[in-house]
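These notes concern the structure reproduced below.
The values are calculated or read from the model by the stated rules, or taken from the named source; none is laboratory data. Small disclaimer: the values here were computed from a predicted structure and weren't measured. Positions of Cβ are backbone-derived with ideal geometry, glycine not excepted, and every protein chain shown enters the neighbour counts.
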Amino acid sequence: MNSSTWKSLLYDSDNLSKPAQGKQLISTKDIAEIKLLLIKVLRGFLAKEDLHVGLKTYINNELRNDLIEKMVANPPSLEHSFEDWSQQIFGDQKFGIILIGLEEYSNSFAEKAATIVRPLLENAGLPLDGLSFLFFMGNYGFTPFGVHKESTGEDGILFHLGPENKEFYTWDKPKYNSIEHNSEVFHNIYEMLAEGKAYELEPGDAMVIPHYVYHIGNTPKFSLSFVLDYVNPPKDRFENELIKETAEEVLIKHVEYEKPIRLNAPHSALNDVLDLHSIQKKMEITLARKILSLKSNGGIRRKSNKKRALIPQMENFSIKGKEIFPIHLDVPDTKKTLIFARGHRIVLKNHPMLPQLIGQLNKEEYITLTSIRQLMEPIWDLVEVYSLIQELLSVEAITTDVINNENFG
């Protein structure tokens, strides 16, 4: 996959504002890898406690929740295909599975997905509510919930993984586009098909679905697709959420107290209470940190799952960062530095050489523990050096390698 392919898709879709098909955006090799990762995703979901949130299962277009226990007792394995597992669970029935929030259940899937869509972010920009993923699987025919729109502001890109082709239909017409979101779904599918535009998706193809366009897919034979939600939030909602996040930030450097107002004070007296410049500054800081968090996670909305990562016991090891997940810094004061890694915020004691260390990691250069200690000591002791490495390992922002030669510096 290359940037020119994405540029063509963005051009054909007028920057994701109209439906468009992209041919062979995903290679056969990537399709095979993604299918294995999706097995890990579903296994991760089935291992959690609340199994009724995020998963929808349909049998003959009827929503069913009674098969989850069977799935939990017989989770898919990496040794068998999704098709084999589906036969075990559903037999010859027409079925469909939809799972949302895929990035929540597998850091490995999130990394692969972020790599695939990186050219999109480089050409179209970073949406302020980030990226999220879901998948469809089955032989269910038409999408069970009818001709529908995506949620407000959620432009979708469907990546078809096959093995069979998928039919897709869109209704990009003013009379449909003007219908308010979440207010109407159409089930007279066959009557509407003649009015829609049809697409034939082969494995590896992608389909852009703007949030205001009605659409439906048809998967008569077993196949998988996963969908990227590229979320540009409504302005009013985004501002309200930013205000809430700002209220939760610790931004005040010193304490000031408000003075009481007279009981009969005019409404204009509120201007003496509110410091609009201060409020704006606080919101700007919150927004900047929100963006740094997204950038550190490849644009993905949900931060990575923390893992129990062990630092190699021997001291002859090195670490390197991941290009797709650059680490970002924010220095709010003279005492502490904030690091953003895989969407997580890590608070550290300030160090003048920290920007150099993070810069080397972001270049994916291997850095030995010895070099890190030489760079950071004596301001940081060994415990603080190990603590940073442990934090970055636990969120899977870096990888380690045991050194068995002298080619690392």
State whether the residues of region 120-129 include one that is farther than 30 Å from Val185 by Cα and either in a strand (DSSP E or B) or without any contact (Cβ under 8 Å) to a residue 12 or more places away in the chain (or both).
yes
Which number in (1) among the small types (Gly, Ala, Ser); (2) surrounded by 12 or more Cβ atoms within 10 Å (Cβ to Cβ); (3) in a helix (DSSP H, G or I) marks the one condition that Gly298 misses?
(3)
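Residue-by-condition table, conditions (1) buried (at least 20 other Cβ atoms within 10 Å of the Cβ); (2) under 29 Å from Glu103 (Cβ atoms):
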position	(1), (2)
Gly204	no, yes
Val213	yes, yes
Asn218	no, yes
Lys221	no, yes
Val227	yes, yes
Glu241	no, yes
Glu256	no, no
Could you look through region 173-194, keep only residues that are surrounded by 13 or more Cβ atoms within 10 Å (Cβ to Cβ) and aromatic (Phe, Trp, Tyr), and pick out the one that is modelled with the highest pLDDT?
Phe186
Please return the ranges of helices (runs of 4 or more DSSP H) entirely within region 1-92 where 3 or more residues are in contact with a helix residue (DSSP H, G or I) (Cβ under 7 Å, 6 or more places away or on another chain).
3-12, 28-46, 68-73
Residue match in region 76-98 (condition: under 17 Å from Ala32 (Cα atoms), among the aliphatic types (A, V, I, L, M) and at pLDDT below 95)
yes
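If you check Lys244, Lys197, which single one turns out to be at pLDDT 90 or above, among the basic types (Lys, Arg) and not assigned by TED's automatic domain parsing to the domain that holds Leu128?
Numbers: Lys197 fails: not assigned by TED's automatic domain parsing to the domain that holds Leu128.
Result: Lys244 is the single residue among Lys244, Lys197 that is at pLDDT 90 or above, among the basic types (Lys, Arg) and not assigned by TED's automatic domain parsing to the domain that holds Leu128.
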Taking only pairs six or more apart or across chains, which ones have beta-carbon atoms under 6 Å, a first residue in region 72-83 that is surrounded by 12 or more Cβ atoms within 10 Å (Cβ to Cβ), and a second residue that is at pLDDT 90 or above?
Val72/Leu46; Pro75/Arg43; Pro75/Leu46; Pro76/Ile39; Pro76/Leu42; Pro76/Trp85; Glu83/Phe222
From the list Leu361, Leu287, which residue is surrounded by 14 or more Cβ atoms within 10 Å (Cβ to Cβ), more than 26 Å from Ser394 (Cβ to Cβ) and not small (Gly, Ala, Ser)?
Leu287
